[in-house]
Amino acid sequence: QIGIEVRKDADFSTWYTQVLKRSEMLEYYEEVSGCYIIRPLAYNIWQEIQNFLDASIKEMGVENTYFPMFVSQRQLEREKDHVEGFAPEVAWVTKAGSSEMENPIAIRPTSETVMYPYFAKWIRTHRDLPLKVNQWCNVVRWEFKKPQPFIRTREFLWQEGHTAHFTQEEADIEVRDILELYRKVYEDLLAVPVIKGVKSEKEKFAGGLYTTTIEGFIPTTGRGIQAATSHCLGQNFSKMFDILIEDPNAPAGSDGKNAKKLYVWQNSWGLTTRSIGVMVMIHGDDKGLVLPPQVAQIQVIVIPCGLTVKISEEKKRSVEKKVNEVVEELKSAGIRAKSDLRDTYTPGYKFNHWELRGVPLRLEIGPRDLTNQQVLSSRRDTSAKEPIPLADLTTHVSAILKTIQKDMFEKAKKIYDDHRKIVLKWEDFVPSLDDKNLVLVPWCEQEKCEDAIKERSSRSNVEQEPEDDKAPSMGAKSLCIPFEQPQNPPILEGETTCIACDAFAKRYALFGRSY
Ligand SMILES: O=C1CCCN[C@@H]1CCCn1cnc2cc(F)c(Cl)cc2c1=O
Ligand SMILES: [Mg+2]
């Protein structure tokens with residue numbers, strides 16, 4: 001295997017593909033476009049995410065479950081308006097063997113219509129609430145936009161949580177609790193900064209009441225990316241699927257029969273394997289993958305050095321013995337350490353091998369280090385080298401790993417913060433996007449204005465031709481209305497006008513080109 005042949009800034013999509021393939025995170029699945037093989041290194045990251053998320057939702061009283069991956073056309077189309085927009089991406093099973101099926105069956109693109117007929121069956125009284133279930137599964141959406149590994153694939157892995165509540169308040173609280181969990185997955189595990197906000201009416205899940213979201217940023221392309229969503233469905237789906245309870249507070253009807261009925265309040269929330277792709281895009285460099293220690297399968301690689309032909313066999317053995325001792329000591333401290341004792345490769349070759357695979361920290365041990373009772377550490381994220389005394393080695397190493405995790409996040413956060421520009425005049429809007437920024441603008445929140453902004457910011461509408469054909473011709477979308485609103489300058493109600501029309505602005509909205 002060779003290293004990465006292109007620079008990240010020069011040819012991002014080739015860089016991304018090479019990093020994923022040559023670090024052995026992923027393999028292309030030639031048979032079906034838009035599908036990929038998730039190899040152990042990447043699958044391990046998904047498992048770290050699952051471990052964290054699963055433990056957290058269980059603490060919230062969510063139980064894991066599993067529903068069939070097939071849904072009938074009748075069921076799928078019960079939620080008419082939300083399906084029609086998605087119809088082109090539904091995958092259908094139409095044949096069994098050589099015989100056509102009477103009624104084609106859809107492969108789940110999401111499970112609302114699979115689950116909710118049974119929620120109606122199981123939820124009868126308020127004592128059956130709250131119902132909180134989750135499933136870890138795959139879903140299929142036959143997208144036609146250009147597929148990209150992890151970012152946009154026709155099959156992906158996710159978890160989908162579906163809950164039912166007695167009151168809107170309870171549902172609202174859970175929506176935000178889950179969004180905070182999603183933020184921690186990205187920021188604390190993947191070292192990826194995200195912005196929390198609410199989606200515009202145009203961008204929200206059409207079947208729901210409102211959508212909250214965490215939005216990421218890919219500096220190399222200056223594009224925003226939806227990282228995860230937590231929706232309040234209101235009573236839309238409970239009205240459609242007749243998920244009702246008797247009102248416990250209403251006096252029982254005289255005949256007890258026509259007691260008042262209430263529709264339950266529902267949420268649904270999901271985080272997908274797209275998270276892995278976002279992490280690679282943000283942290284990777286020209287030497288390959290850079291893994292945050294929290295999700296690195298190998299956190300420390302220990303490599304013997306200086307074992308030239310000149311040194312004695314017994315010296316060589318003592319260095320290798322020390323390497324094994326160091327690995328064992330680190331593992332006993334809960335650090336995921338491995339040695340690379342392959343004597344058919346030079347240290348230099350091994351350095352490249354493990355740098356390509358994103359191992360956060362390397363320890364080099366040579367004959368001199370034995371004499372000086374030290375090892376030489378080398379950080380993958382900054383290439384900083386630092387000798388570490390063999391005495392209390394694990395204390396030093398775990399401190400460095402914690403520092404790497406924090407530094408990776410802080411570095412990415414500073415870049416994200418520097419690339420969210422407050423824009424108050426329309427003439428600065430497109431130039432800011434072309435400078436690979438997202439923009440925070442006073443906005444009226446009208447859908448027609450959103451459409452106009454997308455139109456007016458798509459490159460084909462601006463005079464200068466894109467210098468390179470790769471320049472995005474796409475317009476800006478509203479990514480979210482951030483919960484944390486800029487205060488300087490504040491939006492003055494009934495005074496500050498919208499960036500793109502002469503209506504009054506309501507709040508700052510985050511706009512940008514996006515995935
Ligand atoms: O985003 C989540 C989190 C987890 C549970 N679901 C929601 C909403 C999913 C929206 N959505 C997204 N994509 C879809 C694609 C489709 F083909 C069809 Cl039929 C429906 C949908 C669709 O409803
Ligand atoms: Mg979609």
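Checking the stated criteria, R39 turns out not to satisfy the condition of being within 16 Å of ligand 2 (Cβ to nearest atom) and modelled with pLDDT of 95 or more. Residue pairs whose Cβ atoms lie under 6 Å apart, sitting 6 or more positions apart in sequence or on different chains, and linking a residue in the range 83-98 that is without any contact (Cβ under 8 Å) to a residue 60 or more places away in the chain and at positive phi to a partner that is within 13 Å of ligand 2 (Cβ to nearest atom) and among the polar types (S, T, N, Q), do not occur here. Is it the case that some residue within the range 339-349 is under 22 Å from A399 (Cβ atoms) and either in a helix (DSSP H, G or I) or out of contact with any strand residue (DSSP E or B) (no Cβ under 9 Å at 6 or more places or on another chain) (or both)? No, there is no match, as no residue in the range 339-349 is under 22 Å from A399 (Cβ atoms) and either in a helix (DSSP H, G or I) or out of contact with any strand residue (DSSP E or B) (no Cβ under 9 Å at 6 or more places or on another chain) (or both).
When you scan the range 435-444, do you find a residue that is at pLDDT 95 or above, surrounded by fewer than 16 Cβ atoms within 10 Å (Cβ to Cβ) and over 23 Å from K202 (Cα atoms), even just one? Scanning the range 435-444, I find at least one residue that is at pLDDT 95 or above, surrounded by fewer than 16 Cβ atoms within 10 Å (Cβ to Cβ) and over 23 Å from K202 (Cα atoms), so the answer is yes.
The set of residues from the range 86-112 being surrounded by 13 or more Cβ atoms within 10 Å (Cβ to Cβ) and within 16 Å of ligand 2 (Cβ to nearest atom) comprises F86, E89, V90, A91, A106, I107, R108, P109, T110, S111, E112. Here Q148 meets the list (1) of a type outside the set (V, I, T); (2) within 16 Å of ligand 2 (Cβ to nearest atom); (3) without any contact (Cβ under 8 Å) to a residue 60 or more places away in the chain almost entirely, failing just condition (3). Of note, E143 satisfies the criterion of being surrounded by fewer than 19 Cβ atoms within 10 Å (Cβ to Cβ) and within 12 Å of ligand 1 (Cβ to nearest atom). Quick check on E63: is it surrounded by fewer than 19 Cβ atoms within 10 Å (Cβ to Cβ) and in contact with a Lys or Arg (Cβ under 9 Å, 6 or more places away or on another chain)? So E63 fits the description; yes.
If you check Y182, Y210 for being more than 16 Å from ligand 2 (Cβ to nearest atom), surrounded by fewer than 21 Cβ atoms within 10 Å (Cβ to Cβ), of a type in the set (F, W, Y) and at pLDDT 95 or above, only one passes: Y210. The strands (runs of 3 or more DSSP E) located wholly in the range 385-456 that include 2 or more residues which are free of Cβ contacts under 8 Å to residues at least 24 places away in the same chain occupy 385-389.
The single condition from (1) open to solvent by 30 Å² or more (accessible area, probe 1.4 Å); (2) closer than 24 Å to K146 by Cβ; (3) not in a strand (DSSP E or B) that I37 fails is (3).
Kindly check whether there is at least one residue in the range 460-468 that is outside any loop (DSSP other than H, G, I, E, B) and modelled with pLDDT of 95 or more. Checking the range 460-468: not a single residue is outside any loop (DSSP other than H, G, I, E, B) and modelled with pLDDT of 95 or more. Restricting to the range 1-23, and then to whatever is at pLDDT 95 or above and open to solvent by 70 Å² or more (accessible area, probe 1.4 Å), can you tell me which residue is nearest to R141 (Cα to Cα)? My answer is K21. The residue that is farthest from L271 (Cα to Cα), among those in the range 151-165 that are more than 15 Å from the chain's Cα centre (by Cα) and more than 12 Å from ligand 2 (Cβ to nearest atom), is H165.
Yes or no, residue by residue, for (1) surrounded by fewer than 17 Cβ atoms within 10 Å (Cβ to Cβ); (2) farther than 24 Å from N51 by Cβ; (3) more than 16 Å from ligand 2 (Cβ to nearest atom):
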{"residue": "E201", "(1), (2), (3)": "yes, yes, yes"}
{"residue": "G216", "(1), (2), (3)": "no, no, yes"}
{"residue": "C232", "(1), (2), (3)": "no, yes, yes"}
{"residue": "F237", "(1), (2), (3)": "no, yes, yes"}
{"residue": "M240", "(1), (2), (3)": "no, yes, yes"}
{"residue": "V264", "(1), (2), (3)": "no, yes, yes"}
{"residue": "G277", "(1), (2), (3)": "no, no, no"}
{"residue": "V302", "(1), (2), (3)": "no, yes, yes"}
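The values are calculated or read from the model by the stated rules, or taken from the named source; none is laboratory data. All values reported here derive from a predicted model rather than from experimental measurement. Positions of Cβ are backbone-derived with ideal geometry, glycine not excepted, and every protein chain shown enters the neighbour counts. These area figures cover heavy atoms from the full protein model, side chains too; ligands, DNA and RNA do not enter into them. Shrake-Rupley method; radii C 1.70, N 1.55, O 1.52, S 1.80 Å.
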